[in-house]
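Here's the structure we're looking at; comments come further down.
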Amino acid sequence: MAGAEIAGALADGGADVVVFEQNPRPYGKIEDGLPRWHVALRRKEYGAITRHLSKPGVHYVPHTQVGRDVSFAELVNDWGFSGVVLANGAWRDRTLPVEGADDYIDKGLVYQNPFVIWFNHMNEAAYDGQTFDVHDGTIVVGGGLASIDVAKILMLETTRAKLAERGIEVAMLDLEVKGIPKILERHELAFEDLGLEGCTIYYRRDIEDMPLAEIPKGADAARTKKVRASRRKLLEKAMGKYRFSIEPLCMPDGLIVEDDRLAGLRFRRTKMENGRPVPTDETFERRGPQVISSIGSIPLAIEGIPMKGDLIDFVDWDLGRLAQYPSVFATGNVATGKGNIVASRKHAKALSLVLLEAFLGLGEDRHAGEEKLADAAREAARERAAGISAEIQRQPAIDAATLEALRRRVAGRQQEVGYTGDFGSWIEKVTPPDLE
């Protein structure tokens, strides 16, 4: 979304814009991070991104990842661009904060990003990416919107499997929209009849601290209490509709390993002090067939781009500027350090709990709520794009010979990856016929 906005803004200003995309299709987190039950929202965003990238002056280069297919230093210093905008998203999962945890990736430990990508593409005949099994009783470590998405996927898929054992076929979308209790009631069943334990989200803070509805800056005690109560109510509705659980005030503290597989986690109880979780002396163990870590998405490290901890070391966060590279800017999740489409709501107008309910599948007018959340994210992206576009226009213009050499180099890369130069026909060619 953010990359398409800046490309469109620059093209509208008469600039030649080159969009490097690591995948065949340019839809990023909309396609691979937003669960496929958001049908209308995904289609709308596909259309918006397509319109931006179809504009005259936009040169699309698929199958090209900065840091893999072209180095960052080469792109900035050698290609001849007057400006470079990083809009490469937040695709790396934060590491589960237990020593040795990553030794058990795909041996009991799964990270959120590849798991959701699989869920979104699992029904495509030509999908050749990583695949996962969905297990009842999965341990989910998280505490934000993304971890709720993971819990919903687990509950929807395990419920569908149990119903299928009884000869009852239920579409995922129908189950997500109606909710598990209503679908079971339709078949004269209760959740307990399925024999499912359900998954549990383990969260280091209290339920009222989960970052859903925002507490307005400067809110008094009464307003803060009301927002916190709204958060709890929202989560209780989600747990009732999708039958997952939340275990608050605990943090992963150790691994339970059996037969060289992760069989569970040791947790340490926490308590909230001055708004922060503080570990206590109490520990407990939970075993499960699978642990899914959903504690946040961060940018992939790219050689040549300075990092500070998990995030890029920007000297100007508003424009995503780097001290060493005055012609480089950043936008979108690579700048916010967040991977969820609605993370930008903090940078736009305050949004109501009603809209978040709709986004989570809990409200009455789902499509309206989703659209308003997406509009807020798009507004924030548009504002940032306008600022970056203005800064790039202040950069020294490149001469005609450099521009012609740059165009030849771009055309060479397009030819190398099989791109014909027509965006619409390319998208038609690379879109799976069974994409949901």
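At a glance:
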quantity	calculated
Residue in the range 188-203 that is assigned to a loop (DSSP other than H, G, I, E, B), touching a Pro at 6+ places or on another chain (Cβ under 7 Å) and crowded, with 19+ Cβ neighbours inside 10 Å present	yes
Residue satisfying condition, being of a type outside the set (Phe, Trp, Tyr), modelled with pLDDT under 95 and assigned by TED's automatic domain parsing to the domain that holds ARG232, within set GLY143, GLY195	GLY143
Residues satisfying the stated conditions in the range 133-187, i.e. farther than 26 Å from VAL98 by Cβ and in a loop (DSSP other than H, G, I, E, B)	ARG166, GLY167, ILE168, GLU169, VAL170, ALA171, GLY179, HIS187
Some residue of the range 73-92 being more than 23 Å from the chain's Cα centre (by Cα), farther than 30 Å from ARG409 by Cβ and either of a type in the set (A, V, I, L, M, F, W, C) or buried (at least 20 other Cβ atoms within 10 Å of the Cβ) (or both)	no
Out of THR64, THR50, sole residue that is assigned by TED's automatic domain parsing to the domain that holds ASP318, surrounded by fewer than 20 Cβ atoms within 10 Å (Cβ to Cβ) and at pLDDT 95 or above	THR50
Filtered residue count, the range 139-163, keeping only those that are among the hydroxyl-bearing types (Ser, Thr, Tyr) and surrounded by 24 or more Cβ atoms within 10 Å (Cβ to Cβ)	1
Per-region count, the range 376-404, residues among the hydrophobic types (A, V, I, L, M, F, W, C) and either at pLDDT below 80 or under 25 Å from the mean Cα position of the chain (by Cα) (or both)	7
Output for the range 12-25, where each listed residue is without any contact (Cβ under 8 Å) to a residue 60 or more places away in the chain and in contact with a His (Cβ under 9 Å, 6 or more places away or on another chain)	VAL17, VAL19, GLU21, ASN23
Odd one out for ALA222, checked against (1) closer than 23 Å to VAL140 by Cα; (2) out of contact with any strand residue (DSSP E or B) (no Cβ under 6 Å at 6 or more places or on another chain)	(1)
Some residue of the range 164-181 being over 30 Å from PRO277 (Cβ atoms), free of Cβ contacts under 8 Å to residues at least 60 places away in the same chain and surrounded by 18 or more Cβ atoms within 10 Å (Cβ to Cβ)	yes
Set LEU255, LEU265: member being buried (at least 20 other Cβ atoms within 10 Å of the Cβ), in contact with a helix residue (DSSP H, G or I) (Cβ under 7 Å, 6 or more places away or on another chain), assigned by TED's automatic domain parsing to the domain that holds ASP106 and not aromatic (Phe, Trp, Tyr)	LEU255
Index of the failed condition, LEU109 passing every other in (1) within 15 Å of SER293 (Cβ to Cβ); (2) within 17 Å of the chain's Cα centre (by Cα)	(2)
Subset of the range 311-357 (residues that are under 20 Å from the mean Cα position of the chain (by Cα), modelled with pLDDT of 85 or more and part of a loop (DSSP other than H, G, I, E, B))	GLY320
Where PRO26 falls short, out of the listed (1) more than 26 Å from GLY144 (Cα to Cα); (2) outside any helix (DSSP H, G or I)	(1)
Of all residues in the range 409-436 being in contact (Cβ under 8 Å) with a residue 24 or more places away in the chain and of a type in the set (S, T, N, Q), the one that is farthest from TRP37 (Cα to Cα)	GLN414
Test: residue in the range 320-329 that is hydroxyl-bearing (Ser, Thr, Tyr), crowded, with 21+ Cβ neighbours inside 10 Å and in the same structural domain as GLN395 (by TED's automatic domain parsing)	no
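Residues checked against (1) in contact with a Phe, Trp or Tyr (Cβ under 7 Å, 6 or more places away or on another chain); (2) under 24 Å from SER230 (Cβ atoms):
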residue: LEU145; (1), (2): no, yes
residue: LYS152; (1), (2): yes, yes
residue: ALA161; (1), (2): no, no
residue: ARG166; (1), (2): no, no
residue: LEU184; (1), (2): yes, no
residue: ASP193; (1), (2): no, no
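The values are calculated or read from the model by the stated rules, or taken from the named source; none is laboratory data. Bear in mind the structure is a predicted one, so any value in this text is a computation, not a measurement. A quick note on method: Cβ atoms are made from the backbone with ideal geometry, for glycine too, and the neighbour counts reach across all protein chains shown.
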